[in-house]
Amino acid sequence: MARDASTAPMRPNGGGAGPRHVAVIMDGNGRWAQQRGRPRLFGHHAGARRVREIVEACPGLGVDYLTIFAFSTENWKRTQTEVAGLMSLFRRYIFKEMQAFVREGVRVRFIGDRLRLDAKLRALMDEVEALTGHNTRMHLTIALNYGGRDEVARATKRLARDVRDGKLDPETVDEETLPRYLDTCVLPDPDLVIRTSGEARISNFLLWQSAYSEYEFTEILWPDFTREIFAGMVAGYAGRERRFGAVSA
């Protein structure tokens, strides 16, 4: 699949422009619940409600694309109870929010390996993608059973098949070729990546796409991450100088 023209690299700037694409590692739901003496799934439900608030805030802040890390390929290592509860939460969230996404002009996409997800969840994912396919006001991408290394491995397999089938000349492969095979091929790279809960690592999230992203790490747990905090980080980004390897003028 060819990459969308909107994914062309941004030019160096001296600040002033806000982020067009913000990606969020939503961490801290379980700890938030445990601090309140509640089960971890209680925190995941609170975190899902927070997603709605941040999605609603994006258009007014000039954020066209929001990508959220909902479930990683490594999260299957959690207890069976928590994984089953999360899958049930995803189904309920998509079903509950589907008409709101349509009404509010939000286009929804999913990235990640869907094969391990149950059939009912996959059907809901397909349905909401189809229903919102023509929306343009805001783009929400949900990373579900997603891992950056897994994504690159799957993309490389697709690229290799095209070389084998004579659709791609290996001599023409460069750093612009692989992104066409990634799950995010129609999305611009993230300008700003936010991680909540105090952890300062990227946890296998958008490894290729975030090569030149700005990062913001905060101690705040995801269920406490308000639209005001989000707006402050978006505003703070505008003051950063992004040179992409160049030097200041």
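The values are calculated or read from the model by the stated rules, or taken from the named source; none is laboratory data. Note that this is a predicted model, so its numbers are computed, not measured. Glycine also receives a Cβ, built like all others from the backbone with ideal geometry; neighbour counts cover every protein chain displayed.
For the stretch 112-133, a residue qualifies if it is over 17 Å from L89 (Cα atoms), touching a residue at least 12 places away in the same chain (Cβ under 8 Å) and either surrounded by 18 or more Cβ atoms within 10 Å (Cβ to Cβ) or of a type outside the set (D, E) (or both), and the qualifying residues are G112, L131, T132, G133.
Exactly one residue among D224, D174, D183 is in contact (Cβ under 8 Å) with a residue 24 or more places away in the chain and more than 17 Å from the chain's Cα centre (by Cα), and that residue is D224. Checking T67, T73 one by one, the residue that is under 20 Å from Q209 (Cβ atoms), of a type in the set (S, T, Y) and either surrounded by fewer than 20 Cβ atoms within 10 Å (Cβ to Cβ) or without any contact (Cβ under 8 Å) to a residue 40 or more places away in the chain (or both) is T73 and no other.
Scan the stretch 168-206 for residues that are hydroxyl-bearing (S, T, Y), surrounded by 13 or more Cβ atoms within 10 Å (Cβ to Cβ) and not in a loop (DSSP other than H, G, I, E, B) and the total you get is 1. Here are some residues: R227, R242. Which one is buried (at least 16 other Cβ atoms within 10 Å of the Cβ), at pLDDT below 95 and not β-branched (V, I, T)? One residue alone meets the criteria, R242. Kindly indicate whether W32 is touching a residue at least 24 places away in the same chain (Cβ under 8 Å), surrounded by fewer than 19 Cβ atoms within 10 Å (Cβ to Cβ) and part of a helix (DSSP H, G or I). The answer is no for W32.
Can you say whether R137 is basic (K, R), under 22 Å from V51 (Cα atoms) and either surrounded by 13 or more Cβ atoms within 10 Å (Cβ to Cβ) or touching a residue at least 24 places away in the same chain (Cβ under 8 Å) (or both), as far as the supplied structure shows? The answer is yes for R137.
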